[in-house]
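Asks: Structure incoming, see below.
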Amino acid sequence: MKSTMKKSQKMKNRNNVPAWDLSDLYTGMDDPQIEKDLQKYKKQNETLAKKYKGTFASISPSEFLKAIRMVEENSILGSKLGVFAYLNMVTRMKDTKAVSFYQSIDERMTDYAKASIFFTLEINQLSESKFNELTKDKQVSYYKPFLERVRRFKAHELSEPVEKIFLEKSVTSGGAWRRLYDEHSAALEYIIDGKKYNDAEISKLLLDKDSETRAKAGREMNRVCKENSKLFTFIYNMIVKDKAISDDNRGYKSPVAARNLDNQVDDKALNALTSSVRAQYANLAHRFYKLKSKWLGVKKIQYWDRNAPLPFSADRQYSWEESVKIVLDAYEKFSPKLKKLAEPFFDKDKSWIDVPPRDGKRSGAFAMPLPEKFHPYLMLNFVGKQNDVLTLAHELGHGCHMRLSIKQGELNDDTPLTLAEMASVFGEMITFQSLLSTLDDDKEKLCLIASKVNDMINTAVRQIAFHFFETRVHEERKKGELSAERLDEIWLEEMRASLGPSVIVDNDSKSIWPIVSHFFHSPFYVYAYSFADCLVNSLYQVYREGKIKNFADKYLDMLSQTGVKRYDVLLKPFGLNAKSPEFWNKGLNLISSYIDELERLDKKVKF
Ligand SMILES: [Zn+2]
């Protein structure tokens, strides 16, 4: 009753568009429970260390179980504290109290958690026979997915003193270069017609309807990158070399190997993906950009026009209620069980979603997982555009997925990036199809499909072009430092190959590779976006073919196990094998079929 009253008050304040209610976690920054929980978190970490540090080599299964359960309990408490502080901040980034509250919680928890670092180290030091003895215990074996994940990197671990030096030196080696990259990038200034812009503002200009504005923004971004290329080149060379030193010592066979191990992706599947995408550059990207050039009224588009809006798009508006209905109907059509999982997010008494944009709120959208006794939260910046409906479908997919997979347990559930986008992309896809089926106007259909294909190419194709770029850089770095000119050249070649003859990539866009922050922060991270997207597209194709019995149930079952099983095992019930190029082509053919449809509509529509 109390929460309902509070809620209705809030609803009125926000024009009937819901904001989230974090009181399931804490009532506010001044909730006395926060300090109590922090003290408990500290104490539990200390107790764990006091009782168990140095004991694992000869520990009994029952004592080991107690230690794991303490870690589990602490992990739940840590999530509750950390997520509350974070969510409390993201809707009011200008509120210095909320920002410093988050920082202080984060720092205190990092400090308290230091006591329990021994826990994973000692699990890694267990001999094979001791590990088997412990996991033979029925209750301990419940935690096997977690324990095996901890031990995955065992073969590449170095002796304790060496690990210690690596860790200590990371602050002044790789970590320092990344920090310099961040600080330098954040301070960059872009100037157009005498007006200053920051990084986020200038990126927005690339989506302007006016081609002159886009051109000015595109050229300026490249100019600023070029002006700073000496420093960016130096930083990048250092980061790549730093990684190579660590890889060599740890016995990784190739620059991508450590990332593959982390993603649980084998080299063969990755090669099948990258070569399939490359082989389809012309059929997908080149064909699409040719159409796009025509729609923008030019023979060739500029590099920065790839995501330009179509001049004849209608910009239809959707209300919040209408959007919720579209998404829930689409989910229900696929599976009533999926709709049931989604419904509580919109329950008037629950408030699990923060919907409207407001001053000081972070941009973009995300879903935040929490331990099972709580629930996920979704953050949106909904303004009623077609894309906002699809974003809702996307984040809601994450939310439903999180509700299913957390049932594996707090420690066990750890969905890798390659699988984390499964339910979101799938949810977006079924909603896209249902939106499409409501349109009769060919021009509107064309705009909707074109914007979908635009996104699909950015994810499935462009990220692989990025992957080829970084693969070449890491290989060439083995022979010595790369010059700025050489980096520009590799970038130019990979962009030209992927974008094709209808996109101009020249001196005005060849130096902008430093804006891809993943190259600096997380080498070989980018391919996972394409991997995830193509994987879901293939799965969606299987659904469309209708040959798998009880597809929806099998799909939901798969979502509940993404944190504990490998993707190849998960895909088996659908007759899919990711090591074969056919698998990837199945997903890529979905994009190709949409481009066929665009070509067909293009001939029909009078512009
Ligand atoms: Zn997502």
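Asks: Scan the stretch 359-375 for residues that are within 15 Å of the ligand (Cβ to nearest atom), in contact with an Asp or Glu (Cβ under 9 Å, 6 or more places away or on another chain) and part of a loop (DSSP other than H, G, I, E, B) and jot them down.
Replies: Result: 365, 369.
Asks: Another question about this same structure. Do any helices (runs of 4 or more DSSP H) entirely within the stretch 122-214 hold 1 or more residues that are more than 24 Å from residue 246 (Cβ to Cβ), in contact (Cβ under 8 Å) with a residue 12 or more places away in the chain and out of contact with any Lys or Arg (no Cβ under 6 Å at 6 or more places or on another chain), and if so, which?
Replies: Once the helices (runs of 4 or more DSSP H) in the stretch 122-214 are filtered for at least 1 residues that are more than 24 Å from residue 246 (Cβ to Cβ), in contact (Cβ under 8 Å) with a residue 12 or more places away in the chain and out of contact with any Lys or Arg (no Cβ under 6 Å at 6 or more places or on another chain), what remains is 128-136, 138-141, 144-150, 174-186, 199-205.
Asks: Among the listed residues 333, 339, which satisfies the condition of being more than 16 Å from the ligand (Cβ to nearest atom), touching a residue at least 40 places away in the same chain (Cβ under 8 Å), over 21 Å from the mean Cα position of the chain (by Cα) and more than 30 Å from residue 201 (Cα to Cα)?
Replies: Going through 333, 339 in turn, the sole match is 333.
Asks: Restricting to the stretch 261-272, name every residue that is surrounded by fewer than 19 Cβ atoms within 10 Å (Cβ to Cβ) and in a helix (DSSP H, G or I).
Replies: Of everything in the stretch 261-272, those that are surrounded by fewer than 19 Cβ atoms within 10 Å (Cβ to Cβ) and in a helix (DSSP H, G or I) turn out to be 261, 262, 267, 268, 271.
Rundown of residues vs (1) in the same structural domain as residue 67 (by TED's automatic domain parsing); (2) in contact with an Asp or Glu (Cβ under 6 Å, 6 or more places away or on another chain), yes/no style:
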| site | (1), (2) |
| --- | --- |
| 118 | yes, no |
| 123 | yes, no |
| 128 | yes, no |
| 131 | yes, no |
| 136 | yes, no |
| 145 | yes, no |
| 152 | yes, no |
| 166 | no, no |
| 174 | no, yes |
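Asks: To continue, here is another question. Any idea how many residues of the stretch 62-72 are without any contact (Cβ under 8 Å) to a residue 60 or more places away in the chain and surrounded by fewer than 16 Cβ atoms within 10 Å (Cβ to Cβ)?
Replies: The total comes to 3.
Asks: State which residue is nearest to residue 458 (Cα to Cα) when the search covers only the stretch 421-436 and only residues that are of a type in the set (A, V, I, L, M, F, W, C) and more than 13 Å from the ligand (Cβ to nearest atom).
Replies: 432
Asks: Go through the stretch 382-420 and give me each residue that's among the polar types (S, T, N, Q), within 14 Å of the ligand (Cβ to nearest atom) and not in a helix (DSSP H, G or I).
Replies: 415, the sole residue that qualifies.
Asks: Determine whether the stretch 437-447 contains at least one residue that is within 16 Å of the ligand (Cβ to nearest atom), part of a helix (DSSP H, G or I) and either out of contact with any Leu (no Cβ under 9 Å at 6 or more places or on another chain) or of a type outside the set (Val, Ile, Thr) (or both).
Replies: Scanning the stretch 437-447 turns up no residue that is within 16 Å of the ligand (Cβ to nearest atom), part of a helix (DSSP H, G or I) and either out of contact with any Leu (no Cβ under 9 Å at 6 or more places or on another chain) or of a type outside the set (Val, Ile, Thr) (or both).
Asks: Shifting gears a bit: Being in contact with a Pro (Cβ under 8 Å, 6 or more places away or on another chain) and either closer than 19 Å to residue 415 by Cβ or touching a residue at least 40 places away in the same chain (Cβ under 8 Å) (or both) is the filter here, so list the residues in the stretch 364-391 that pass it.
Replies: Once the filter is applied, which keeps residues that are in contact with a Pro (Cβ under 8 Å, 6 or more places away or on another chain) and either closer than 19 Å to residue 415 by Cβ or touching a residue at least 40 places away in the same chain (Cβ under 8 Å) (or both), the stretch 364-391 yields 367, 368, 369, 370, 375, 376, 382.
Asks: Looking only at residues that are under 24 Å from the mean Cα position of the chain (by Cα) and of a type in the set (Asp, Glu) in the stretch 542-583, which one is nearest to residue 406 (Cα to Cα)?
Replies: 557
Asks: Among the numbered conditions (1) surrounded by fewer than 16 Cβ atoms within 10 Å (Cβ to Cβ); (2) among the small types (Gly, Ala, Ser); (3) under 30 Å from residue 566 (Cβ atoms), tell me where residue 174 comes up short.
Replies: Just one mismatch for residue 174, condition (1).
Asks: Among the residues of the stretch 397-419, write down those that are in contact (Cβ under 8 Å) with a residue 60 or more places away in the chain, closer than 17 Å to residue 338 by Cα and within 15 Å of the chain's Cα centre (by Cα).
Replies: Hit for the stretch 397-419 is 401, nothing else.
Asks: Evaluate the following for residue 347: is it under 26 Å from residue 73 (Cα atoms), away from the ligand (no atom under 16 Å from the Cβ) and not polar (S, T, N, Q)?
Replies: no
Asks: Condition first: modelled with pLDDT of 95 or more, surrounded by fewer than 18 Cβ atoms within 10 Å (Cβ to Cβ) and touching a Gly at 6+ places or on another chain (Cβ under 8 Å). Now tell me which residues in the stretch 117-144 satisfy that.
Replies: 142
Asks: Still on this structure, please answer the following. Looking at 204, 114, can you tell me which residue is out of contact with any strand residue (DSSP E or B) (no Cβ under 6 Å at 6 or more places or on another chain), exposed (fewer than 13 other Cβ atoms within 10 Å of the Cβ) and closer than 28 Å to residue 48 by Cα?
Replies: 114
Asks: Report yes if some residue within the stretch 82-102 is without any contact (Cβ under 8 Å) to a residue 24 or more places away in the chain and either more than 26 Å from the chain's Cα centre (by Cα) or exposed (fewer than 14 other Cβ atoms within 10 Å of the Cβ) (or both); otherwise report no.
Replies: yes
Asks: Is one or more of the residues making up the stretch 373-381 within 14 Å of the chain's Cα centre (by Cα), more than 18 Å from residue 322 (Cα to Cα) and buried (at least 19 other Cβ atoms within 10 Å of the Cβ)?
Replies: No: the stretch 373-381 contains no residue that is within 14 Å of the chain's Cα centre (by Cα), more than 18 Å from residue 322 (Cα to Cα) and buried (at least 19 other Cβ atoms within 10 Å of the Cβ).
Asks: Now, a different point. In the stretch 491-507, what residues are under 19 Å from residue 229 (Cα atoms) and buried (at least 19 other Cβ atoms within 10 Å of the Cβ)?
Replies: Within the stretch 491-507, 491, 494, 495, 505 qualify.
Asks: Can you say whether residue 424 is surrounded by 17 or more Cβ atoms within 10 Å (Cβ to Cβ) and more than 16 Å from the chain's Cα centre (by Cα), as far as the supplied structure shows?
Replies: No.
The values are calculated or read from the model by the stated rules, or taken from the named source; none is laboratory data. Computed from a predicted structure; not experimentally measured. Neighbour counts run over all protein chains shown; Cβ positions are idealised from the backbone, glycine included.
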